[in-house]
Structures are given as structure tokens and as C-alpha cells.
Number of protein chains: 2
Amino acid sequence: MIRVVVADDHPIVRSGIVGLLSSADDIEVVGEASDGVEAVALATQLAPDVVLMDLRMPGLGGAEATAQLAAARPDVRVLILTTYESDENILTAIEAGASGYLLKAAPQEEILAGLRSVARGEVALAPSIAALLVNRMREPAKVTLSDRETQVLALVAEGNSNRKIAAALFVSEATVKTHLIHVFEKLDVKDRTRAVTKAMELGLLPRSR
Amino acid sequence: MIRVVVADDHPIVRSGIVGLLSSADDIEVVGEASDGVEAVALATQLAPDVVLMDLRMPGLGGAEATAQLAAARPDVRVLILTTYESDENILTAIEAGASGYLLKAAPQEEILAGLRSVARGEVALAPSIAALLVNRMREPAKVTLSDRETQVLALVAEGNSNRKIAAALFVSEATVKTHLIHVFEKLDVKDRTRAVTKAMELGLLPRSR
DNA sequence: AGGTCCATCAACCGATCGGTTGATGCGAGG
DNA sequence: CCTCGCATCAACCGATCGGTTGATGGACCT
């Protein structure tokens with residue numbers, strides 16, 4: 001019998017999950033949580049075989065909750081179940097200790113199969129997530145900008161000229177230009193506009209709003 | 001007895017919804033659809049009182065399906081049920097004829113109450129959605145860019161110079177500059193970079209990825 | 001010690017941008 | 001018919017950008 005805690009902030013979704021698991025002879029739902037904090041507390045107390053965890057929850061999200069569980073209860077496995085393939089969060093969740101990552105869009109049999117794999121100590125990845133992981137492994141080293149470079153670029157994104165940026169940061173225009181040249185090199189771009197859009201794509205600049 | 005068709009592309013979510021509705025004495029689920037096309041076909045055939053419609057579905061989305069249903073079956077009411085408050089789609093869905101818009105995060109009693117309101121011919125809006133609508137009514141007229149302006153700006157966002165854009169679009173550089181001047185006026189910005197970021201914020205340019 | 005990264009700065013110059021002023025023509029709607 | 005929005009184009013000019021070449025100094029690591 002696989003003992004499971006279900007964590008999802010949407011009551012209607014949680015009831016769908018619980019309904020599915022309860023219909024399986026070898027699975028018992030021993031607890032339900034509506035956020036990360038509750039999930040960690042419940043799983044620590046009840047020591048289920050698997051926590052079925054939504055990735056996006058208010059307050060403590062699924063990835064952070066997974067990390068906390070890994071520390072408090074390394075014997076409890078976590079299967080992430082989420083709506084979208086958001087590749088920004090996949091590595092985070094897996095690095096945090098999750099044993100699997102499935103999509104809510106998956107057929108119900110596939111979710112049950114994934115859960116059973118994870119309970120057996122295996123890894124369960126939706127095929128599309130596995131493909132994203134493989135692609136990620138092939139990517140070049142992650143680009144980083146210095147704090148000052150990021151600061152200058154953010155002001156560029158707001159439409160400021162080099163002269164205005166220099167005044168705002170109490171440096172010379174030459175300094176601003178030098179930072180920008182460095183940014184262009186790191187991002188492999190040729191102009192400020194593309195530098196801004198690429199930095200946003202890479203998550204190096206916030207996409208305001 | 002309120003007869004309902006449920007349309008959601010996630011099997012696990014759909015079973016949660018169906019489970020909730022089936023537990024109510026006055027509600028009968030007469031059909032389930034996993035996309036917009038299926039929802040329209042089922043509702044046209046079965047003529048339920050209400051279609052409970054997910055907003056984001058592959059192929060024909062909830063808003064388009066609602067519009068088609070309004071044309072084919074004006075007697076059938078639509079209650080949109082979705083994950084996020086995405087204000088880009090609210091007006092679209094309501095303009096298309098939806099009688100309500102609720103969040104999946106809502107307590108189950110609230111979803112049932114909303115469904116009953118809609119079945120009675122009333123409007124059911126989650127409080128947060130009502131607030132968004134009120135704010136929307138207060139906003140200044142929406143900025144729009146012509147197709148050509150949008151095209152030029154998208155190429156700017158990719159780091160192309162005016163000269164390159166002119167070559168790509170088979171026009172002169174003067175034409176490109178004129179389009180950009182117009183874009184700057186409409187968006188009330190002073191340079192191309194800010195034009196790009198502001199257009200993205202306003203949803204006039206896609207935020208690639 | 002040396003090397004790397006980061007922050008700062010200068011001068012010069014060609015390329016590009018943005019503004020200005022003017023123009024034409026087309027299509028849609030009243 | 002007129003008006004409006006859109007697309008197209010030119011020339012000129014000042015402002016700004018981006019590249020180049022060089023430099024200093026500090027912090028951190030080996």
C-alpha cells in the first residue's frame with residue numbers, strides 16, 4: 001500500500017487528485033495540504049511514501065517545500081505535479097530533491113504509473129520534461145551580469161540615454177559605455193535594445209509587470 | 001435540476017469538477033469535453049443549462065468556444081472556470097457571452113454557488129475579477145499599433161538597425177524611421193529601447209519564450 | 001607574488017538614431 | 001466630395017551610440 005500526501009492549493013484540483021488516487025487499490029491518501037508549509041508539516045508527521053506536490057502554491061512553493069522535506073524527511077519522496085512545463089522551475093525542483101515531475105494534463109493512468117514508479121524509488125518524468133532536461137544539459141554555461149552591469153541595463157530598458165544613466169549613477173558616461181560593451185560581449189548582442197530583450201529572455205532582467 | 005457540461009483539458013481537474021458537481025443534489029453532469037470543439041458540439045447537442053468552461057484549452061480556447069456557443073445556442077449559459085486571473089482574457093470571454101468567471105482556487109461552495117447563480121440567469125464574478133473589471137473600465141483608451149508598426153518594432157526588438165529593417169521589409173530607411181516616430185508618439189516614449197519594453201508591458205509585442 | 005574580475009575613466013571617430021519638414025497615394029467611411 | 005489612418009519617401013542636422021585604445025585601483029584567490 002502506497003501512502004500519499006496530496007498538496008495543491010486549488011480545492012477542486014485536490015479533490016480530483018484525491019478521487020483518482022482513492023480509486024486505486026494499492027494507494028491510500030493519508031493527508032491533504034493546501035500550501036507548502038502544511039505539506040511539509042503533514043509529511044514530516046505522517047511519513048508517507050510519496051508527497052504529490054503542486055509546484056505553484058502561495059507562500060512556500062513546491063520547490064522550497066521539497067527542499068525542506070528533503071532535509072527533514074529524506075525517506076519521503078516527492079512527485080511534482082503541475083499545470084505547465086515551466087522549465088525555470090524544473091531544475092530547481094529536481095535539485096531540491098524531487099523524484100519526479102508530471103503534468104496535470106497527463107492521462108490519469110500515467111499519473112498513477114508515475115506515482116508507483118516514484119514509490120518504488122525510481123524517477124518519473126513526463127516525456128516532454130525529460131526532453132527539456134536533455135536540452136538543458138546541452139546548453140552552454142549560464143550567462144551572468146555583474147550587479148553594476150545589471151543596474152545599467154535596467155536603466156537602459158527604461159529608455160535612459162548613457163548620459164542620463166551616468167548622472168543617475170554618479171559616474172562618467174565612459175563608465176556607462178564600458179559596462180554596456182561588457183554586457184554586449186557577455187550576451188553576444190550588438191545593440192542596447194537586443195541586450196535588454198535578451199537579458200529578459202534569460203531572466204537577467206525582470207519583465208516588469 | 002441544473003444540467004451541466006464540463007469542459008477542461010486536464011483529466012484530473014475535470015474529474016475533480018465532475019466529482020464536486022455530482023455531490024450536489026440539484027446538479028447533473030450530462031457531458032464532459034476535453035477541448036473547445038468538443039464542448040461546443042456537446043452543448044449544441046445536449047442543450048445543458050450551463051457549460052462550465054476552462055479558459056485555456058488546446059485548439060479552440062474557452063473564449064472562442066463561448067462565442068461559438070452564443071451563436072449556436074444562446075440559451076446555454078457559460079461559466080468560465082480558470083486557474084489565473086489573466087486580465088487579457090476576461091473581457092474577451094465576457095464579450096463573447098460568458099455569464100461568469102470564477103477561479104479554480106475558489107472554495108468549492110463558492111463554485112457551486114456561482115454555478116447556481118448563472119443557471120438562474122445571473123452573473124457570477126469572483127470578487128477579484130470584479131475588481132479587475134472595475135479598474136479596466138477606468139483605464140484610458142487602449143493603445144494600438146498598426147500591423148506595420150508592430151512588424152518594425154518586433155525587428156527592432158531583435159537588435160536590427162533601421163537600415164537592416166528597411167532591407168528586410170523592402171522599404172526605405174526613411175519609412176522605417178517614420179514608423180518608429182509614430183510608435184514613439186503612440187507609446188509616449190523617446191527611444192527604441194523603451195518603445196520595445198513598453199510595448200511588451202502593454203502586450204503589444206510578444207515576450208518571446 | 002601573479003592573475004582575474006570588477007569598477008572607473010579618457011579621447012577620438014564613424015555609424016546610427018531621432019527630429020524636422022515636407023510630400024504622395026490608397027482605401028474606408030461618412 | 002472630404003477626412004482619416006496608413007504606408008511610403010526624401011534631405012538635412014544635431015545628438016547619441018558603439019568601438020577602439022589605453023589606463024588605474026581594489027578585492028579575491030592561488
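The values are calculated or read from the model by the stated rules, or taken from the named source; none is laboratory data. Quantities reported herein were computed from a predicted structural model and do not represent experimental measurements. Every residue, glycine as well, gets a Cβ built from its backbone with ideal geometry; the counts of neighbours run over all protein chains shown. Calculation scope for accessible area: heavy atoms of the full protein, side chains included, ligands and nucleic acids excluded. Shrake-Rupley method; radii C 1.70, N 1.55, O 1.52, S 1.80 Å.
A few notes on this one:
- Residue that is farthest from DNA strand C (Cβ to nearest atom) [pool: residues in the stretch B:173-191 that are over 14 Å from B:Ser146 (Cβ atoms) and open to solvent by 60 Å² or more (accessible area, probe 1.4 Å)]: B:Asp188
- B:Val4 meets all of the listed conditions (1) in contact (Cβ under 8 Å) with a residue 40 or more places away in the chain; (2) surrounded by fewer than 20 Cβ atoms within 10 Å (Cβ to Cβ); (3) within 28 Å of A:Val6 (Cβ to Cβ) but one, namely (2).
Conditions (1) buried (at least 16 other Cβ atoms within 10 Å of the Cβ); (2) without any contact (Cβ under 8 Å) to a residue 12 or more places away in the chain, marked per residue:
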{"residue": "B:Ala63", "(1), (2)": "yes, no"}
{"residue": "B:Arg73", "(1), (2)": "yes, no"}
{"residue": "B:Ile80", "(1), (2)": "yes, no"}
{"residue": "B:Asn89", "(1), (2)": "yes, no"}
{"residue": "B:Gly97", "(1), (2)": "yes, no"}
{"residue": "B:Ala106", "(1), (2)": "yes, no"}
{"residue": "B:Glu109", "(1), (2)": "no, yes"}
{"residue": "B:Gly121", "(1), (2)": "no, no"}
{"residue": "B:Ile129", "(1), (2)": "yes, no"}
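- Residue check for B:Val134: at negative phi, away from DNA strand C (no atom under 15 Å from the Cβ) and away from chain A (no Cβ under 14 Å): yes
- Residues in the stretch A:58-73 that are modelled with pLDDT under 85 and assigned to a loop (DSSP other than H, G, I, E, B): A:Pro58, A:Gly59, A:Leu60, A:Gly61.
- Enumeration of residues in the stretch A:8-39 that are closer than 15 Å to A:Thr66 by Cβ, more than 14 Å from every other protein chain (Cβ to nearest Cβ) and touching a strand residue (DSSP E or B) at 6+ places or on another chain (Cβ under 8 Å): A:Ala33, A:Gly36, A:Glu38, A:Ala39
- Any helices (runs of 4 or more DSSP H) falling wholly within the stretch A:112-209 and containing at least 2 residues that are within 29 Å of B:Asp188 (Cβ to Cβ): A:147-157, A:162-169, A:173-187, A:192-201
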